[in-house]
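Participant: Take this structure first; my questions come after.
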Amino acid sequence: MNKKKTRLSESTLDGLILLLPVALAIVSLSMGRYRIDPLDVIKTLLSPVIPNFAEGIPEIAQRLVLQIRIPRTLAAILIGASFGATGTALQAVFKNPLVDSNILGVTSGAGFGAATAILLKGSSWQVQLSAFLFGLVAVSLAFFGSRLYKATPLLVLTLMGILVGSLFNSLTSLLKYAADPLDALPAITFWLLGSLTSITWRNIPALAIITLTGLAFFWLIRWRLNIISLGDDEAKSLGVNPIHMKMMVILAATLMTAAAVAVSGVIGWVGLVIPHAGRMLVGPDHKRLITASIGLGAAFLILIDNIARTMLPGEIPLGVLTGLVGVPLLIVLLRRGRVGW
């Protein structure tokens, strides 16, 4: 009887975590400078399926929901879920609770790529493509550099990631120094602080394909994350190739992070805070933790984006808010959530 109750409570909690971003998304679509009734939002969402269902709702409200707020909210869901899941998976691979998706320098490389494209007056899609490619270049350099040393593979890879990240950060600073202070410099600075302001429907397909594929992969191997976090010898004894699995996780995390950063700019702390929040709620078992990280990551970024849009007359960069919220939140989680990892 107790087992049934426990299972019911676990499944209920998991379901509530996944429903949280859905509820916040409805609220998000109604919030902003132009406030829209949540019921009108639901009618507008159903209007493409049910003819005349949105009759009586102002056209400007319908356009605002369908063309601006929906793609922005979808991007927040995908990016938040991506950072949450990649942070959880990488912490399992590196067996370190302080690891996040930038451990191998992908965010720093993407920042340099975006800054380069902005300085060269590239279009929006060129900036995103450059950010994505340089994010992959940064991780590739970390991999190739780590192969030069015959030491603990993940330790050397981590150190090379830190070095590559520092290198690209320095190069980005050099580009900012050379940029026009009235034109390119503000654009570079704003991009590096992270924002979903420029999101349109054109950004969603590629982001969704990469993110959903990566999330599906992490969900399918979630039980293997428990095994590789035990150590290489234990993983081998249980029939899992630890090196192969770790490389696959790192590759998936790199592609997902590069895709997210290319669209949103640099948004920190999500991949670090969310895994700890998930552990406090569902425990360290990755069979549930991956699902929890997806839901909590999506909900967290939707909430942060809502605050960014509505707190002040001007929009606050997301990277600023995630830092302001993430630091005290992580301190609280570390004090209260001593469950293990």
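Residues are listed down the side, and each one gets a yes or a no for (1) out of contact with any Asp or Glu (no Cβ under 7 Å at 6 or more places or on another chain); (2) exposed (fewer than 12 other Cβ atoms within 10 Å of the Cβ); (3) of a type in the set (Val, Ile, Thr):
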site	(1), (2), (3)
Glu59	yes, yes, no
Val65	yes, no, yes
Ala81	yes, no, no
Gly87	no, no, no
Ala110	yes, no, no
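Participant: What tally of residues in the range 272-317 results from selecting those that are β-branched (Val, Ile, Thr) and under 20 Å from Lys95 (Cα atoms)?
Facilitator: Number of matching residues: 6.
Participant: Here's another thing I want to ask about it. Please identify the pairs in which a residue from the range 55-74 that is closer than 14 Å to Asn306 by Cα has its Cβ atom under 6 Å from the Cβ atom of a residue that is among the small types (Gly, Ala, Ser), counting only partners at least 6 apart or on another chain.
Facilitator: Thr73/Ala25; Thr73/Ser28
Participant: OK, next. Just one of (1) at pLDDT 95 or above; (2) in a loop (DSSP other than H, G, I, E, B); (3) not aliphatic (A, V, I, L, M) trips up Pro181, so point out which.
Facilitator: (1)
Participant: Mind telling me which of the residues Leu24, Leu46, Leu13 ends up being under 22 Å from Ala308 (Cα atoms) and either among the hydrophobic types (A, V, I, L, M, F, W, C) or under 26 Å from the mean Cα position of the chain (by Cα) (or both)?
Facilitator: Leu24
Participant: Identify the single condition in (1) crowded, with 19+ Cβ neighbours inside 10 Å; (2) under 22 Å from Leu318 (Cα atoms); (3) in contact (Cβ under 8 Å) with a residue 40 or more places away in the chain that Ala117 does not satisfy, given that it satisfies every other one.
Facilitator: Here Ala117 clears every test but (3).
Participant: To continue, here is another question. Just to confirm my filter: which helices (runs of 4 or more DSSP H) fall fully inside the range 17-94 and include at least 3 residues that are under 30 Å from Arg224 (Cα atoms) and either in contact with a Phe, Trp or Tyr (Cβ under 6 Å, 6 or more places away or on another chain) or at pLDDT 95 or above (or both)?
Facilitator: 70-94
Participant: Can Gly319 be described as surrounded by fewer than 17 Cβ atoms within 10 Å (Cβ to Cβ) and small (Gly, Ala, Ser)?
Facilitator: Against the criterion (surrounded by fewer than 17 Cβ atoms within 10 Å (Cβ to Cβ) and small (Gly, Ala, Ser)), Gly319 does not qualify.
Participant: Let me ask you something else. Any residue in the range 146-172 that's surrounded by 15 or more Cβ atoms within 10 Å (Cβ to Cβ) and of a type in the set (Ser, Thr, Tyr): show its pairings with residues that are at pLDDT 80 or above and not in a loop (DSSP other than H, G, I, E, B) at Cβ separation under 6 Å, as long as the two are six or more apart or on different chains.
Facilitator: Close Cβ pairs (under 6 Å, with a partner that is at pLDDT 80 or above and not in a loop (DSSP other than H, G, I, E, B)) amount to Ser146/Val156; Ser146/Leu157; Ser146/Met160; Thr172/Gly111; Thr172/Phe112; Thr172/Ala115.
Participant: Something else now. In the range 222-240, which residue that is small (Gly, Ala, Ser) and in a helix (DSSP H, G or I) is surrounded by the most Cβ atoms within 10 Å (Cβ to Cβ)?
Facilitator: Ala235
Participant: Within the range 275-332, take every residue that is of a type in the set (A, V, I, L, M) and not in a helix (DSSP H, G or I) and give me the one that is farthest from Ile228 (Cα to Cα).
Facilitator: Leu312
Participant: Which one of Asp100, Asp40 is among the acidic types (Asp, Glu) and closer than 23 Å to Gly165 by Cβ?
Facilitator: Answer to the selection: Asp100.
The values are calculated or read from the model by the stated rules, or taken from the named source; none is laboratory data. Quick caveat, the model's predicted, so the values are computed rather than measured. Glycine gets a Cβ as well: all are built from the backbone with ideal geometry, and neighbour counts include every protein chain shown.
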